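To keep things clear, I will list the structure first and then write my remarks on it.
The values are calculated or read from the model by the stated rules, or taken from the named source; none is laboratory data. In this text, all values refer to a predicted model and were calculated from it rather than measured experimentally. Every residue, glycine as well, gets a Cβ built from its backbone with ideal geometry; the counts of neighbours run over all protein chains shown.
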Amino acid sequence: MSIGVPADLRWEEANSRYLKASLAWLRARLEALSRIPDAPEPTDGGRRRPPWRERRPELPTAAPALADTGVLGRLAAAREAAAADPDTAPPALVQLADRFGLTDFERDVLLLVAAPAVDPGIGAEIAAAHGDPLATAPTFALALRLFDDARWDVLSPLRPLRHWRLAEAVPAPAQPLLTAPLRPDDRIANLVRGLNHLDERLASVLEPVADPAVGVASTDSVRHAEDAVTAAVLAETPDDRFPVVQLTARDTDSAALVAVRAFARLGREVYRLRAGALGREGRDPETVALLWHRESLLLPVVLLLDAIDADPDDTALTTAVRRLLPRTGGPVVLAAREVWPVEGSSTAVVDVTVPPPGEQRALWAASTGLDPGGAPVALAAQFRLSLPALHRVATAHRPGPDGPTAGQAGDRLWAACRDAARPRLESLAQRIVPRARWSDLVLPEPQMETLRRMAGHVRHGATVFTDWGFAERTSRGQGVTALFSGPSGTGKTFASEVLAHELRLDLYRVDLSAVVSKYIGETEKNLRRVFDAAECGGSLLLFDEADALFGRRSEVQDSHDRYANIEVSYLLQRMEAYRGVAVLATNLRAALDPAFLRRLRFVVEFPVPGEEERRRLWEAAFPDSVPLASGLDLGRFAELPATGAAIQAIALGAAFSAAASGRPVDTAMVMAAARAEFRKLDLPLPVLVGEGS
């Protein structure tokens, strides 16, 4: 519940009346205190004790006129009457005292401390009460003499005034806390005035979170997560505190959507704190936690600690988070890709899943107005976008009445989804723009047939798993994974490019030799980054140079062998769980344990091309625009035992020779390029039929 009702003018007027009455009562007490005669000198000699060391004197019954006329009593009654307006909520100071558990004395001390910020003219009365014209700021010593029921524990850092930093002592060298000038925290001074807003010191760290999919109803899967969050917040906990709700989500927007909609039911506003900001200079986690805890008592707010993009292996970051969470108070949501260990607080874990294909299909149809049996089917089958991401794409590319046809709209939406799902893998993978087509691929027919079946599995995955119910039997193996094995240059990468082009996917070549690390655990961490980044679909992952892993597998003789085997197992487990398209390319199929092969849906062996395949490769080696000599017979070069990659290299070398000489490509140029290529590969060049010695 928020303190005050900013939009209620009646409450603002009532709060002003109470504040005016309280200040009048405070002035009267200060004036009465300033008229009290000084305490007598001690009779046993020595220095005179400071006033705060004396027993607090009672207000005299005869000296000050205010006491004689009962003015203090009437002002106190007027103050109490202003606080008891039955038509409005209590004044801010009364509510604040209730929220923080202040005694009546501590509430009056806070009034004294805040008074100069509300009425600067009261400084003169404070100075008169001090007996020092320069001492215009209140002190604890003054408060102990001024108010009834004074208690020394007001100085304790465990009591609310100091613990919650409601009143702060102005630092001064060699000055005790008792006589140090006091000032109100700016946030608290504004609250006493009736202005209830987020602390400015948190405004640079926190940001309000809006619904990232306004106007789109929650799907069943999203609503289930919202219900779980609400139930966790309302559940009774052993320590009678709000639990830390951990949202495991793939992206920030999905977590924000669930948090905003769940807490909207409870009338609370969500603020995001990015975990990475905790480690920055000047942002002490404990100070941020205390200020936020204070805000949770003053405003109906929720803290969303966003650790989606944080590295759970970052020791400094995780330490800062662990320092923050037990001290925050109020509802807290920790959003991360995985569950984090949280100490000192009860926790509840809620998984935020991407809407399944059935829900996505309905969302695409509703958001775009397209036929549910058309483009929405293909989009839902290939891409696994969160509800907010899907909403953004659909809104930006929604077909208009005079816009593109349904087919054109589907193509544009597909391209937009691919862009939205494009993973951030700059350091671990290379994006290749696929241009090769089926007609460019030269392989024996059994291998071609397997590749075509692989493409068919990708296209019809949603039908088989979702519509026909196979997904209910297993949660793994719904992606399309394959092993491409064979010598270098036999077309493994080229075939992957053909598949990516056919399926309209981005192709990412992941060099496992760069992913593998000598440090234990780093290889799995890099692989996790690759798969997590590509989970939205729209990509074909090609893990090239898999020999970097398989070549390390061996009999377990020491800890390094054991961890090498773990890395291979982790890669294959993630490939099995991956819902997209992943290809593992290796030259060492024999190094794979047969138990691992069952986790891969397809295994394609790429043989060294035979003479017929080489003939076809030579026929397609030169683009149509390359000038060829009339006597050049490319068919005779099929006798060379070259792979497809070698043939392409020879053709390229011959083309450069032709460009340099200004003549068409002839037999001599091709032969010279072939000799250079075979020499590079340290292979003997056979003598072709009809070639002179």
Given (1) surrounded by fewer than 17 Cβ atoms within 10 Å (Cβ to Cβ); (2) at pLDDT below 95, where does Asp227 come up short, assuming only one miss? (2)
The one condition Ile308 fails out of (1) among the aliphatic types (A, V, I, L, M); (2) assigned to a loop (DSSP other than H, G, I, E, B); (3) surrounded by 23 or more Cβ atoms within 10 Å (Cβ to Cβ) is (3)
Of everything in region 438-460 that's under 18 Å from Arg614 (Cα atoms) and touching a residue at least 12 places away in the same chain (Cβ under 8 Å), which residue is surrounded by the most Cβ atoms within 10 Å (Cβ to Cβ)? Leu443
Helices (runs of 4 or more DSSP H) completely within region 154-251 that count 3 or more residues being touching a residue at least 60 places away in the same chain (Cβ under 8 Å) and more than 28 Å from Ala127 (Cβ to Cβ): 220-234
Criterion first (of a type in the set (Val, Ile, Thr), in the same structural domain as Thr315 (by TED's automatic domain parsing), within 18 Å of the chain's Cα centre (by Cα) and buried (at least 19 other Cβ atoms within 10 Å of the Cβ)) does Val260 satisfy it? yes
Go through region 77-93 and give me each residue that's over 16 Å from Arg10 (Cβ atoms), aliphatic (A, V, I, L, M) and surrounded by 18 or more Cβ atoms within 10 Å (Cβ to Cβ). Leu93
Give the residues of region 606-659 that are surrounded by fewer than 18 Cβ atoms within 10 Å (Cβ to Cβ), in contact with a helix residue (DSSP H, G or I) (Cβ under 7 Å, 6 or more places away or on another chain) and either closer than 18 Å to Ser488 by Cα or not assigned by TED's automatic domain parsing to the domain that holds Val670 (or both), sorted by residue number. Glu611
Residues that are hydroxyl-bearing (Ser, Thr, Tyr) and over 18 Å from the mean Cα position of the chain (by Cα): find the helices (runs of 4 or more DSSP H) completely inside region 335-423 holding 2 or more of those. 357-368
Condition first: outside the structural domain of Glu269 (by TED's automatic domain parsing) and of a type in the set (Phe, Trp, Tyr). Can you find one or more residues in region 356-366 that meet it? yes
Could you say which residue among Leu23, Leu102 is modelled with pLDDT of 95 or more, under 29 Å from Leu195 (Cβ atoms) and in a loop (DSSP other than H, G, I, E, B)? Leu102
